[in-house]
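Report on the following structure.
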Amino acid sequence: MSLLFFGEMMLRLTPSIAQQQLVCAEQLSVDFAGAESNVASSLALMGHECHFVTKLPSNALGDHGIASLKKYGIQTDYIRRGGQRIGSYFIEMGMSIRPSKVVYDRAYSAFSQISNDEFDWPSILSGKRWLHVSGISPALSTQCAAETIKAVKIAKSLGVKVSFDLNYRRSLWDDSQKARDYFSEILTYSNLAFGNAGVISDVFDYQTPDISENELAHVISQHSLEHLGKTSQRSWYQANDLAEFLRAKFDIDFAMTERVHHSANQNTLTGFYITSTTCSFSAPITVEIKDRLGTGDAFAAGVLHGLERGWHGQQIAQFANAAFALAHTGIGDQNWSNEAEIQYIADGNLSGHIIR
């Protein structure tokens with residue numbers, strides 16, 4: 001049994017000099033990435049059979065993209081070739097008070113112009129355990145939106161579980177209501193959603209209601225979480241509330257991250273995995289950031305890995321947050337850490353001492 005991923009693979013271009021701004025960059029480093037392929041690469045490196053579905057142009061860049069998937073062990077048999085362009089994005093890494101920036105150049109990409117008969121979904125989905133999609137694909141074109149919805153509908157009918165990362169990108173949508181409509185339909189067929197408070201606010205116009213300290217203390221006591229600090233108590237309350245909001249609408253499990261920004265180079269990270277019966281959360285990890293692109297995808301891979309291993313909620317949240325944190329410490333969208341390395345961090349080994 002294996003996992004299937006559907007989405008656009010892109011050319012990633014970054015100034016060769018660390019933290020250099022795009023406005024003055026003269027050399028760019030080239031790599032390939034994408035929200036869905038990032039998750040696939042992490043899971044493939046942890047030993048899972050992963051298949052990627054996309055469309056790439058029939059040129060050297062398309063060939064390079066396929067080769068980059070294969071180096072992680074991702075199966076590429078379902079990739080279609082054609083079209084003229086591969087989507088690209090340019091990354092300017094932040095430093096201190098200057099935030100990171102992303103510039104997209106993906107209009108008219110091969111993937112955005114897929115046709116409605118491009119993929120034989122019943123055949124492609126046969127024998128798969130999970131289909132993972134994201135909210136980026138339906139933003140790219142009406143064809144991509146229709147194909148994403150078709151894929152999740154067929155997956156549901158075949159008993160394949162669907163994982164949906166909301167991944168709302170403001171720059172890709174001219175109408176948040178359209179995003180809400182598409183996301184709602186996809187969530188109807190999904191088993192698991194990934195997101196955060198900002199995405200749910202942007203797409204569904206929902207924020208966790210403010211409550212007083214006394215009200216919070218009452219809720220916390222009902223769940224025997226008095227041992228948590230005040231900040232962690234409010235984080236737990238918000239995560240549980242957002243999960244209940246989604247569950248009431250879509251009957252779905254929810255995994256989310258919380259990021260406390262200290263600067264562009266230092267964040268404190270917490271992961272949550274929430275079902276109808278439990279709200280599991282990790283210990284927070286503070287990291288110095290080398291590259292934060294693709295880190296949420298590492299978290300998603302950590303959750304799916306834990307589910308495939310049959311772990312309990314707390315173990316899933318702790319492992320996924322460790323993967324999330326580790327992904328900040330390397331260059332590139334992909335998380336190259338294996339299961340043992342991630343588990344080492346999940347076990348609380350955060351000193352960075354050399355391993356000999």
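Structural remarks
- Among the residues of region 89-106, those that are in contact with a helix residue (DSSP H, G or I) (Cβ under 9 Å, 6 or more places away or on another chain) and either buried (at least 16 other Cβ atoms within 10 Å of the Cβ) or modelled with pLDDT of 95 or more (or both) comprise Phe90, Ile91, Glu92, Arg106.
- Residues satisfying the stated conditions in region 1-46, i.e. acidic (Asp, Glu), within 24 Å of Glu147 (Cα to Cα) and either at pLDDT below 95 or not in a loop (DSSP other than H, G, I, E, B) (or both): Glu36
- The single condition among (1) buried (at least 16 other Cβ atoms within 10 Å of the Cβ); (2) over 23 Å from Val303 (Cα atoms); (3) of a type in the set (D, E, K, R) that Arg169 does not satisfy is (2).
- Scanning region 75-104 for residues that are in contact (Cβ under 8 Å) with a residue 40 or more places away in the chain, aliphatic (A, V, I, L, M) and under 24 Å from Trp336 (Cβ atoms) yields Ile86, Ile91, Met93, Met95, Val102.
- In region 229-257, the residue that is surrounded by the fewest Cβ atoms within 10 Å (Cβ to Cβ) out of those that are over 26 Å from Arg292 (Cβ atoms) and of a type in the set (A, V, I, L, M) is Ala248.
- Residues located in region 201-221, provided they are surrounded by fewer than 10 Cβ atoms within 10 Å (Cβ to Cβ), closer than 16 Å to Glu244 by Cα and not charged (D, E, K, R): Pro209
- Screening Phe299, Phe250 for residues that are in contact with a Leu (Cβ under 9 Å, 6 or more places away or on another chain) and over 16 Å from Ala322 (Cβ atoms) leaves exactly one candidate, Phe250.
- Condition check for Arg292: buried (at least 16 other Cβ atoms within 10 Å of the Cβ), closer than 30 Å to Leu13 by Cβ and of a type in the set (Lys, Arg): yes
- Those residues of region 86-122 which are under 16 Å from Gly7 (Cβ atoms) and not polar (S, T, N, Q), in sequence order: Ile86, Gly87, Tyr89, Tyr104, Arg106, Ala110, Phe111, Ile114, Glu118, Phe119, Trp121
- Residue in region 297-346 that is surrounded by the most Cβ atoms within 10 Å (Cβ to Cβ), counting only those that are charged (D, E, K, R) and at pLDDT 95 or above: Asp297
- Picking from residues in region 60-72 that are touching a residue at least 24 places away in the same chain (Cβ under 8 Å) and not small (Gly, Ala, Ser), the one that is surrounded by the fewest Cβ atoms within 10 Å (Cβ to Cβ) is His64.
- Top-ranked residue in region 119-153 [being in a loop (DSSP other than H, G, I, E, B) and either β-branched (Val, Ile, Thr) or touching a strand residue (DSSP E or B) at 6+ places or on another chain (Cβ under 8 Å) (or both); ranked as surrounded by the fewest Cβ atoms within 10 Å (Cβ to Cβ)]: Gly127
- Residue that is among the aromatic types (Phe, Trp, Tyr), within 27 Å of Gly62 (Cβ to Cβ), buried (at least 22 other Cβ atoms within 10 Å of the Cβ) and touching an Asp or Glu at 6+ places or on another chain (Cβ under 6 Å), where the choices are Phe111, Phe194: Phe111
The values are calculated or read from the model by the stated rules, or taken from the named source; none is laboratory data. Note that the coordinates shown come from a computational prediction; the quantities given were computed from them, not determined experimentally. Cβ: placed from backbone, ideal geometry, glycine included. Neighbour counts: every protein chain shown.
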